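See below for the structure under consideration.
Derivation of every value follows stated rules applied to the coordinates shown; laboratory data play no part. These figures come from a predicted structure and were not determined experimentally.
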Amino acid sequence: MSTASPFWRSVQAAAAAALVLCCAPACKPKVRPSGPPNAAAPKTNAVAAATNQLSAQYVSVFEELMPPKGRDPFFPNSHRRDPVPVVPVVTDKPPPSAELTLKGIVGAAAHRLAVINNAILETGESATVRVPGGRVRVKCVEIGEDFAVIQVEGEIQPKRLELRKK
């Protein structure tokens with residue numbers, strides 16, 4: 001065990017006293033005058049209003065300069081800002097009825113059900129059928145032995161779907 005010399009004990013005591021003297025004034029509660037409220041509050045609002053009016057005079061305007069006039073200062077050889085040609089999108093999407101297939105016919109001759117793209121329909125029934133391009137509303141008009149006549153919503157003519165022969 002070592003004991004500290006009296007010199008170091010006095011240095012520690014002096015440092016602690018200095019620390020207490022420095023921090024003590026900051027810990028005291030702020031004394032407020034007991035008189036009427038200060039009239040400085042309206043001046044603060046006037047200063048803020050004047051600042052807002054001053055900032056309204058100066059407006060920053062930024063131009064988006066295309067590559068002949070401007071370039072990226074951090075990546076000067078970048079082609080990121082070059083104009084991109086607009087390519088029209090041409091979709092040769094087949095009508096949704098082209099993606100409908102008759103997968104099977106179930107039931108007796110008096111009450112047949114048609115399986116169209118995994119949706120089961122009977123004569124006169126309407127349903128939403130999934131196709132690769134989305135969903136299509138279909139109404140079953142007639143069901144025969146190896147065919148089904150359907151009306152696709154949005155198309156004028158009914159479509160005849162036939163079972164594939166194996």
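Looking at the range 129-166, which of its residues are over 24 Å from A108 (Cα atoms) and among the polar types (S, T, N, Q)?
Across the range 129-166, the qualifying residue is only Q157.
Within the range 85-166, considering only strands (runs of 3 or more DSSP E) that don't extend past its boundaries, which have at least 1 residues that are within 35 Å of the chain's Cα centre (by Cα)?
Passing ranges, in order: 119-122, 126-131, 134-143, 147-152.
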